[in-house]
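Before any comments, here is the structure.
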Amino acid sequence: MKTIKELIGESLTEVAATRDINRQNSISRVYKACPELKDIDGQILEVRNSRFIAVIDKDERLIKRYDTAIEELQTKRDKIIARNNIAPDFDEEKFICSECNDTGFIKTPDGKSSVCSCRENELEMCYEQSGMADYPSYKMKNYRDDYLGDAPGRKKIKSMMNDLLKELIGKRSEESRSSVYIYSAPPQTGKTFLSVCVCKTAIKLGKSAYYAKCEDLAALMPDTLEGLKHVDFLVIDDFADTVTLSNNVGSILNTILETRAASKLDTVLVTPFPVAELIKKCDMRISGKLQSAKKISSEGR
Ligand SMILES: [Zn+2]
């Protein structure tokens, strides 16, 4: 799986080529409408070439003559451009996206770097490659606090997830932070929706992230599993004690969590079960990690 930065980076050559094509097209358009300008530009080019040779020959007298000629042609050219209402920069290369100057990233009002709207395609591709192919319409702006009841609880969870994101992007406070978080909330309370949205937001902010269902861990390709150890942010949804006890999931998850903890990378386990119950019944290696995990829940408000 590729990060959004890699995907945007790969497209930069294509964007540069498009800029050049746009410039060529603009020039041909203007020349077609104003052959006089094409003619004078041809003359300027010719004189410049001759001047170049005079420079090599160190012929000062000739150089001066050509300089005067270029100046006169240039004055004529300016007049033609003004008379025909031609944009003076018609022959210059222009950014395709004026929002991000073709870098693919813009600065948000709070100073963070975020993917520009001109890179929607790369963003969608990145979401798909990051385990979220089934959730094309899950967007943070569609998350409603009051949907499904318990508005204060949903709001609290959202703000805790946002804090995680902020931490991910900004400075990490080393004290009192864990690398494993448990997001525990009853079934049908929008956990998957929020989890996918948070992953997408992390990607949008230039981080690598992955969304996986716990039960699918055993079926992932080896290189994807390897990737999960190193992405900046990982969400494992539908986490349940029974799942950790089947299909070797306990062992796979244990390796992932240990590698990530060593690199201080955040993992969020999303579950409909109470944390205490999970600690009691999980694969033993996972249980140990759950005990020190931080809780993300609507309780205690
Ligand atoms: Zn842009």
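Mind pulling the angle between the C-alpha long axis of helix 191-204 and the longest principal axis of the chain? Nearest 10 degrees, somewhere in 0 to 90.
The helix 191-204 is inclined about 30 degrees to the chain.
Calculate what fraction, in whole %, of the accessible area of region 203-301 sits on carbon and sulfur atoms when a 1.4 Å probe is rolled over the protein chains. Numbers along the way, then the final one.
Values: 2310 of 4440 Å².
Its accessible area is 52 percent carbon and sulfur atoms.
Taking a Cβ-Cβ separation under 4.7 Å as the criterion for a possible partner, which cysteines of the chain have none?
By the Cβ distance rule, which asks for a partner under 4.7 Å, the isolated cysteines are 34, 126, 197, 199, 214, 282.
Enumerate the aspartates and glutamates that residue 76 could reach by cross-link, defined here as Cα to Cα under 14 Å, with residues fewer than 8 away along the same chain left out.
Partners found: 36, 39, 41.
Given the pairs 229/294; 32/107; 200/264; 213/280; 207/295, which are separated by over 29 angstrom at their Cα positions? Show your work: numbers first, answer last.
Working: 229/294 19 Å; 32/107 40 Å; 200/264 20 Å; 213/280 21 Å; 207/295 23 Å.
Where the Cα-Cα span goes over 29 Å, the pairs concerned are 32/107.
Where does helix 4-33 land angle-wise versus the long Cα axis of the chain, in degrees 0 to 90, nearest 10?
So the helix axis and the longest Cα principal axis differ by about 30 degrees.
List the relative contact order of region 162-270 as a percent without decimals, with contacts defined as Cα pairs under 8 Å and 6+ residues apart.
Reported relative contact order: 35 percent.
Can you tell me the dipole magnitude for region 78-169 around its Cα centre, using point charges on the Cβ only (Lys, Arg +1; Asp, Glu -1), in Debye to the nearest 20?
Using Cβ point charges on Lys, Arg, Asp and Glu, region 78-169 gives about 500 debye.
Please list the three semi-axes, largest first and in whole Å, of the ellipsoid equivalent to the chain, using sqrt of 5 times the eigenvalues of its alpha carbon gyration tensor.
Each semi-axis is the square root of five times an eigenvalue, giving 60, 20, 16 Å.
Please compute the modelled spin-label separation between residue 114 and residue 94, points set 7 Å along Cα→Cβ, answer in nm with one decimal.
Roughly 2.7 nm, to one decimal.
What is the set of long-range amide H partners of residue 270 at a cut-off below 5 Å, with H atoms built 1.01 Å from backbone N?
The list, which skips near neighbours in sequence, is 183, 236, 237, 238, 239.
Distance between the C-alpha centers of region 93-119 and region 37-52? Whole Å please.
37 Å
In debye to the nearest 20, how big a dipole does the chain give about its Cα centre with +1 on each Lys and Arg Cβ and -1 on each Asp and Glu Cβ?
860 debye
With every protein chain left in place, what is the accessible area per residue of the chain in square angstrom, probe 1.4 Å?
Each residue of the chain exposes 56 Å² on average to a 1.4 Å probe.
Kirkwood Rh, Cα Rg: Rg to Rh for region 4-83? Each step should come with its number before you reach the end.
Working: Rg = 18.4 Å, Rh = 15.3 Å.
The Rg/Rh ratio comes out at 1.20.
Suppose R0 equals 22 Å. What FRET efficiency, 1/(1 + (r/R0)^6) with r the Cβ-Cβ distance, do residue 74 and residue 25 give to the nearest 0.05?
The pair residue 74/residue 25 has a calculated efficiency of 0.35.
Give the shape of region 101-180 as rounded, prolate or oblate, defined through the alpha-carbon gyration tensor: a ≥ b ≥ c are the square roots of its eigenvalues, a/c under 1.5 means rounded, and otherwise the shape is prolate if a/b is larger than b/c and oblate if not.
oblate
Take peptides 182-190, 203-211 and line them up by average Cβ neighbours within 10 Å, highest first, as a rough protection proxy.
203-211, 182-190
Quick one: in region 134-296, what % of C-alpha pairs are over 24 Å apart?
Summing the P(r) of region 134-296 above 24 Å gives 30 percent of all pairs.
The values are calculated or read from the model by the stated rules, or taken from the named source; none is laboratory data. Remember, predicted model here, so these are calculated numbers, not experimental data. Ideal geometry is used to build each Cβ from the backbone, glycine not excepted, and the neighbour counts take in all protein chains shown. Only protein heavy atoms, including side chains, enter the accessible area calculation; ligands, DNA and RNA are left aside. Shrake-Rupley method; radii C 1.70, N 1.55, O 1.52, S 1.80 Å.
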